[in-house]
Amino acid sequence: MDKQQLLVELQSKGLQLAEQTSGAAGRKGGAGPSDHKAIVVDGTTVMVPVYTGTAAVSPYRLSAAVNSSPVVPSEEVQPTLECHGQAIASVQFPKQPKFYGLQTADGIPYWKIALLHSHDVLATTVLQTCMRYNDRATACQFCAIGQSLAADRTIARKTPDQLAEVTEAAVRLDGIKHVVMTTGTPNTPDRGAAYLTECARAIKARVDIPIQAQCEPPADFSWFERMKAAGINSLGMHLEAVTPEVRDRIMPGKATVSLETYFEAFAAAVQVFGWGQVSTYLLAGLGDSLNALVDTSDRLIQLGVYPFIVPFVPITGTPLEDTAPPDSEFMYRLYQEVGQRLKNAGLSSQDVEAGCAKCGACSALSAFET
Ligand code: SF4
């Protein structure tokens, strides 16, 4: 099996850890790559599901134990990756970041404010609440934004000063290269753009580091200019699903924002942030067909928007927790089709200044761009 195939397989099928039953290091719940663990395979850092039902029966397994802290990755051990009991590769874990050992003057651990993603990304959810989350009629069925808050693994609102303080430390102590700021959606017309702008300005006043912000499209697209002026380099506005029926079923609240509104916002954002500096998440496995995902990706690429495609991995405790993830053949074909279109258009994850497309740990797409 080549490396491309292995990455696709691992992200679709997940990975059993040696002490799966006792709770191993990784992220449970929250936004972004929840129920995942970062591992380094042949020099590439990937986020791999470890706490899901699928992972529990995956043919892939790590042979050695890792530590049981919820926040401390294990870098001391060198486990072997096995498939059906056969050793196929040695893997490493990204080093435990030094900034995890610090806390603010009022006693909040830095890891409750921002986390290390992959090996060089600082990721934070600036507002850990969402206007859609608490009502089944509006909540996105895949979302677990309230879980890490309920479990006291984060705080509801990270202040601009806290984010600047943690970012400065993460850059100085751990060589962080870019920042991803996402947000739950507040019930304001700017949809979080205003607060992300404030946070970016505070971070940039303290340390010069590329920042990606992620939010729903604001009602007034002039927010894009203000976000850019505050120091946000790249913008993510996440479609997640693309077929109207799938959007209505999976994310009934967010689906009230039409696809056309998203595409108008994408076009306006590319004018401000530049070709290839705007991206969207597409979660493959929610019900969209291969053709629907490829066609939408094609339309996005023509606009200069990077379609960051990830296999949908259901998070424990969400309404979709028993959904099967997409099979690896589906993902492989999807990556091939979209990778070719990225290549034809000259759109590359390497050229993105900050964010998920640049990081790439949740998707194998960048391996198909060349
Ligand atoms: S791709 Fe995005 S969500 Fe995934 S690890 Fe990287 S920064 Fe985090």
Sole residue being modelled with pLDDT under 85 and of a type outside the set (G, A, S), chosen from P59, P33: P33
Which listed residue is closer than 15 Å to A345 by Cα and out of contact with any Lys or Arg (no Cβ under 6 Å at 6 or more places or on another chain), from L300, L286: L300
Counted residues, segment 141-165 - those being open to solvent by 20 Å² or more (accessible area, probe 1.4 Å) and either closer than 19 Å to L283 by Cα or among the hydrophobic types (A, V, I, L, M, F, W, C) (or both): 8
Test result for D298, within 18 Å of L239 (Cα to Cα), open to solvent by 10 Å² or more (accessible area, probe 1.4 Å) and either touching a residue at least 40 places away in the same chain (Cβ under 8 Å) or not assigned by TED's automatic domain parsing to the domain that holds L116 (or both): yes
Failed criterion for I209 (all others in (1) in a helix (DSSP H, G or I); (2) within 16 Å of the ligand (Cβ to nearest atom); (3) more than 30 Å from L259 (Cα to Cα) hold): (1)
One residue from V180, V166 being under 23 Å from H119 (Cβ atoms) and either in contact with a Gly (Cβ under 6 Å, 6 or more places away or on another chain) or not in a helix (DSSP H, G or I) (or both): V180
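For (1) within 18 Å of the chain's Cα centre (by Cα); (2) within 30 Å of E240 (Cα to Cα); (3) buried (at least 20 other Cβ atoms within 10 Å of the Cβ), each residue gets a yes or a no:
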residue: E82; (1), (2), (3): no, no, no
residue: Q103; (1), (2), (3): no, no, no
residue: I113; (1), (2), (3): yes, yes, yes
residue: L116; (1), (2), (3): yes, yes, yes
residue: A139; (1), (2), (3): no, yes, yes
Hits in segment 168-197 (condition: without any contact (Cβ under 8 Å) to a residue 60 or more places away in the chain and over 16 Å from Q128 (Cα atoms)): E168, V171, R172, G175, K177, P189, D190, T197
Pair list, Cβ < 6 Å and 6+ apart or interchain, from segment 230-244 residues that are in the same structural domain as Q214 (by TED's automatic domain parsing) to residues that are polar (S, T, N, Q) and part of a loop (DSSP other than H, G, I, E, B): S234/Q277
S297 at pLDDT below 95 and either away from the ligand (no atom under 16 Å from the Cβ) or within 22 Å of C143 (Cβ to Cβ) (or both): no
Number of the exception - F224 against (1) away from the ligand (no atom under 16 Å from the Cβ); (2) part of a loop (DSSP other than H, G, I, E, B); (3) free of Cβ contacts under 8 Å to residues at least 60 places away in the same chain: (2)
Subset tally (residues that are among the hydrophobic types (A, V, I, L, M, F, W, C) and either surrounded by fewer than 18 Cβ atoms within 10 Å (Cβ to Cβ) or not assigned by TED's automatic domain parsing to the domain that holds V310 (or both)) for segment 328-346: 1
One residue from A357, A361, A367, A324 being in a loop (DSSP other than H, G, I, E, B) and surrounded by 17 or more Cβ atoms within 10 Å (Cβ to Cβ): A361
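Checking the conditions here, which among D190, D208 is under 28 Å from M251 (Cα atoms) and either acidic (D, E) or modelled with pLDDT under 95 (or both)?
On inspection, the qualifying residue turns out to be D190.
The values are calculated or read from the model by the stated rules, or taken from the named source; none is laboratory data. All figures in this text were calculated on a predicted structure; none of them were measured in a lab. Counting neighbours? That spans all protein chains shown, and the Cβs are built from the backbone with ideal geometry, glycine included. For the accessible areas, the whole protein counts, side chains as well, though only heavy atoms, and no ligand, DNA or RNA atoms are used. Shrake-Rupley method; radii C 1.70, N 1.55, O 1.52, S 1.80 Å.
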